[in-house]
Amino acid sequence: MTKSRIMQLSALAGVSLMLFTTVGCSDESLEFSDLPQKVRDTAQSYSQANGDLGFKAERKGKTAYEVAYKMGAHDIELIIKEDGTLEAIENSLTFMPPQSSALNDEIDTVASLMEDAVEAAIVDDRTLVGKKLAEFERALPALKVSIAEDRHKLIGKVLTLTEQAYDSDDMLQTALYAVEIYRLLVNAMDFEKAEIPKQVSLLDYSGFKLSALAAKPAPDWPEIEVTSAEAIRLWQSVEQDVQNTGLHDLVQSLFQGMETAVTQRDRSMVVYAAQMDLDVVDLLEGYFQERWKETKGSIAANNEK
């Protein structure tokens, strides 16, 4: 290779290095206080921060900045132009995997059979009730190695009563026995390894039982009173943990309405409140599953970084 050719290649390499330095590595770490005032104002306005949230900043190109900070379990990055315009927001959440429990998974599977049986019995779907009871009877022996012996025996006894009511074609009594099996199963779960509080799962029990009690032509009002009072106590024991104002107010209104319906002996309103109870449980379950990610789960994961 000639000397002139070597000199040309060296010059090209120098130009490439200069371009890489000035273009490829344009990001520049900055202190938050070094940012233009309008950029700082936008960051603090969006984050609703009165002070420094531990903002980290970088220059992005010639006319924009990236401002990053942590808000609870969320890692947030803002792209802000020099004039204060907020161009983009990236919001990422780091969280632990869902809770894992072989026992809870096993119980949940058979408990869902009882839920299905209760719902079918209330609407007098005899065929579906028989199918679910048969499936449960086949699944019950396997539970013997997972739950306490006395609880397993008690479930077997209540199952016998459930099947007797079914054979007598008393669908509402069948529902009432089946829902007691559901309660026994819920109480056998390991709630140290559950994202949803035990009280929320038992609100399902309350809703199913109230539905069956109120479906009777001559409702058992003393039992309805006891069951509704228990449901209200269950809600009161977890309501302080529901930080979503809209959800909290919805559930609170539901149980106030339930209390009024029972006091006034309004059977149709109890039926409605019981169904609302079941619907609200779905919302509460979703809320607590997300809460697990954003509190116990996600913060633990972020702290490991």
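The values are calculated or read from the model by the stated rules, or taken from the named source; none is laboratory data. Note that this is a predicted model, so its numbers are computed, not measured. So basically every Cβ, Gly included, is an ideal-geometry build from the backbone, and we count neighbours across all protein chains shown. Just so you know, the surface numbers come from the protein's heavy atoms only, side chains and all, with ligands and any DNA or RNA stripped out. Shrake-Rupley method; radii C 1.70, N 1.55, O 1.52, S 1.80 Å.
Here are a few things to note about the model shown:
- Under the condition of being of a type in the set (S, T, Y), touching a strand residue (DSSP E or B) at 6+ places or on another chain (Cβ under 8 Å) and open to solvent by 40 Å² or more (accessible area, probe 1.4 Å), the residues counted in the range 61-93 number 2.
- Criterion applied to E106, E77, E82 was being touching a Pro at 6+ places or on another chain (Cβ under 6 Å) and in contact (Cβ under 8 Å) with a residue 12 or more places away in the chain, and the one residue passing it is E82.
- Residues in the range 141-157 that are in a helix (DSSP H, G or I) and open to solvent by 20 Å² or more (accessible area, probe 1.4 Å): P141, A142, E149, D150, R151, H152, K153, L154, G156, K157.
- Residue, surrounded by the fewest Cβ atoms within 10 Å (Cβ to Cβ), within the range 123-140, restricted to residues that are among the basic types (K, R) and closer than 29 Å to L103 by Cα: R138
- Any pair with Cβ under 6 angstrom, 6 or more apart, that starts in the range 224-245 at a residue that is under 28 Å from W292 (Cα atoms) and ends at one that is part of a loop (DSSP other than H, G, I, E, B): V238/P197
- Inside the range 164-206, residues that are of a type in the set (F, W, Y) and within 20 Å of the chain's Cα centre (by Cα) make up a count of 2.
- Among the candidates S201, S253, residue that is among the hydroxyl-bearing types (S, T, Y) and over 17 Å from D116 (Cα atoms): S253
- In the range 23-38, the residues that are of a type outside the set (D, E, K, R) form Cβ pairs under 9 Å with partners that are modelled with pLDDT under 90 and open to solvent by 80 Å² or more (accessible area, probe 1.4 Å), at six or more places apart or across chains, as follows: S26/K62; F32/D52; S33/D52.
- Screening N104 against (1) open to solvent by less than 40 Å² (accessible area, probe 1.4 Å); (2) modelled with pLDDT of 95 or more; (3) not aromatic (F, W, Y) leaves a single unmet condition, (2).
- The listed residues are E195, E115, and the only one of them that is acidic (D, E) and not in a helix (DSSP H, G or I) turns out to be E195.
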